[in-house]
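Heads up: the structure comes next, in structure tokens.
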Amino acid sequence: MGPKSKSKKEEPVEPGSDVVMEDEPTSAQPESRDDMSVDQNEDEDIDDFEEEEEEEEVQRVRLLPGSTPTAASFEFLNEGHTLGNALSYIINRNPDVEFCAYAIPHPSENKMNVRIQTFEGSGTTAIQALEKGLRDLQDLCDVVTDKFIEAREKFMATKGSSSS
Amino acid sequence: MPHRPPTKEELEARKIVGINEETVTNVNSTDFPHHYAGEDHAWDLEAFRREFRVEFHQNDPYEASFSLIGCHASIANAFRRIMIADIPTLAIETVFINNNTSVIQDEVLAHRLGLIPFKGGKEGLHKFLKWWKKPADESQINNSYYDFNTVSLRLEVKCEENPDAAPGETDPTKLYKHAHVYARDIEFCPVGRQHKYFSGENAIRPVNPDILIAKLRPGQEISLSMHMHKGVGSDHAKFSPVATASYRLLPVIDIIEPILGKDAEKFQKCFPKGVIGLERVTKEEASRKGSGYEGHEGELKAVVVDPMRDTVSRECLRHPEFKGKVKLGRRRDHFIFLVESTGQWESDAIFLEAVAHLKKRAKDIEKQVMNMVR
């Protein structure tokens, strides 16, 4: 695999050894976590495959080095524009947030970065803003579902009565 | 300067993307906190519940059209992207070719088979069937197929001469038996509990039985078995539950000054059918000072009937006689969705599934963030 060999060459430090926060590149994962998708991480017993609802999750979110409480960058694995754009919109609707944006540093790496900065005096940390954004997004989805079902029922009712 | 709350007209104007002859204006939404001094715009679920609306235009199994009104493009786009790439469907993934003496090559045939959309019992498809995971150890692959993650199919066709064909017959379909191989020739082989979920009306079968897979001549034969698995559109387009899922913004046509008589007829022709209507100027309008209709009683005037049908071709902006009389735009928060299902899901169910999927994604990430903090 291309990216793997490249990252090896650029890494003079032993994998796993401690790196000074500032020295670590923003978008580097430890070797062990590299290229690992959620689907292929463990070998579970096939017999209780079906019974097992939630599989052991890999940590897909991490705080990038160089973050302070009110200004942080997060790295999401296996996420893209779908969640990135929706999430940065909803976080931007939070009045305590000074800045929020997402980026996909490289199209062939399955990673999405989100930068959040909150106002120093607001008492909200970047992590709190992220959590609130995620909760707001879930609430939004509930409203959309309710309204959608409501509108569909109304439409089907009028359609049924007019066609008969 | 003291703060003055925005008027209704101002709020309305903020929602319109201006469309000019060569340019578009007012593209970005501005309803964020700190954008306007003295205005809040913070996320408020109750306000969203009040303002957000859904309107249905069409709801058929294979095609649904509806409007999401009052949401941001990032949300609408997330739903569209999820519908295309993240809703799982069942499709042929592996083809085991026993014999293929047709002119169509094995790999091309396998690709064609993969693209055929299938349908079956909804409960079985959406609840009973689970993901199939390729085992890390290749030698264990035969122990990874179960009734809940694999559906097997067979296709056995042999082309032969038709002894009953009329002499001088030139039509291959009459001259030979099985000259054409269709999707309906694919045979479903239920195993285990699949009988319970996929029998009779619920059997797994092609959505369109008339898809031509291959053409054969006497002596040629196709004999193969297939495995279907669940997959998502981001892996391969064959797994996408939609032929297309798209949205467009509601067009806005604003007639600022009256367009009358011959001009009105020409104006109507600048738009698709049904967008612009012609009405007679009433006596009341003609007598109103400053309306622009004075002395035009009984003449035809152009009125906007159904802007939704407009394609925003901007044709009306090319003609000097309409200069300054019409303003085109699009409503930034009105998304007209069109969802065309390939048949495995109902079109409206795909959208609901997409909303549920986004919610689940947010929930999973929320858990992950809490994990990270801990």
Region B:89-240: relative contact order as a whole-number percent, Cα under 8 Å and 6+ apart: 42
Under a cut-off of 21 Å between alpha-carbon atoms, report the lysines in cross-link reach of B:Lys327, not counting same-chain residues fewer than 8 places apart. B:Lys8, B:Lys15, B:Lys262, B:Lys266, B:Lys269, B:Lys273, B:Lys301
Specify which residue in the list A:Ala129, B:Ile213, B:Ala136 is farthest towards the positive end of the charge dipole of the protein assembly as shown, using unit charges on the beta carbon of Lys, Arg (+1) and Asp, Glu (-1), about the Cα centre. B:Ile213
With each label point set 7 Å from Cα along the Cα-Cβ vector, what nm distance links B:His227 and B:Glu321? 6.9
For B:Asp44, the net charge from surrounding residues (Cβ-Cβ under 12 Å; K, R +1; D, E -1) works out to -3
B:Lys122-B:Ser287 pseudo-label distance in nm [points 7 Å out on the Cα-to-Cβ vector]: 5.9
Placing +1 on the Cβ of each Lys and Arg and -1 on the Cβ of each Asp and Glu in chain B, which of B:Leu249, B:Leu338, B:Ile365 has its Cα farthest towards the positive end of the resulting dipole? B:Ile365
For B:Leu175 and B:Val207, what does the FRET efficiency come to when R0 = 41 Å and r is the distance between their Cβ atoms, rounded to the nearest 0.05? 0.85
Distance in nm between B:Lys360 and A:Ala103 label points, each 7 Å along Cα→Cβ, equals 3.2
Taking the protein assembly as shown, the whole-percent share of alpha-carbon pairs separated by over 45 angstrom is 34
Under 14 Å from the B:Glu265 label point (7 Å along Cα→beta-carbon), backbone N, region B:295-330: B:299-302
Hey, how many Å between the Cα centroid of region B:228-254 and the Cα centroid of region A:90-120? 26
With the dipole of region B:257-324 worked out from charges on the C-beta (+1 for Lys and Arg, -1 for Asp and Glu) around the Cα centre, which of B:Tyr293, B:Phe267, B:Val312 lies farthest toward the positive end? B:Val312
Free-standing Cys, chain B [no other Cys Cβ under 4.7 Å]: B:Cys71, B:Cys159, B:Cys189
Scattering profile of region B:257-324 at q = 0.13, 0.29 Å⁻¹ [log10 I(q)/I(0), Debye over alpha-carbon scatterers]: -0.37, -1.25
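Bear in mind these aren't lab numbers, they're just calculated from the coordinates by the rules spelled out. As the structure is a computational prediction, the values presented were derived from the model and not from experiment. Glycine also receives a Cβ, built like all others from the backbone with ideal geometry; neighbour counts cover every protein chain displayed.
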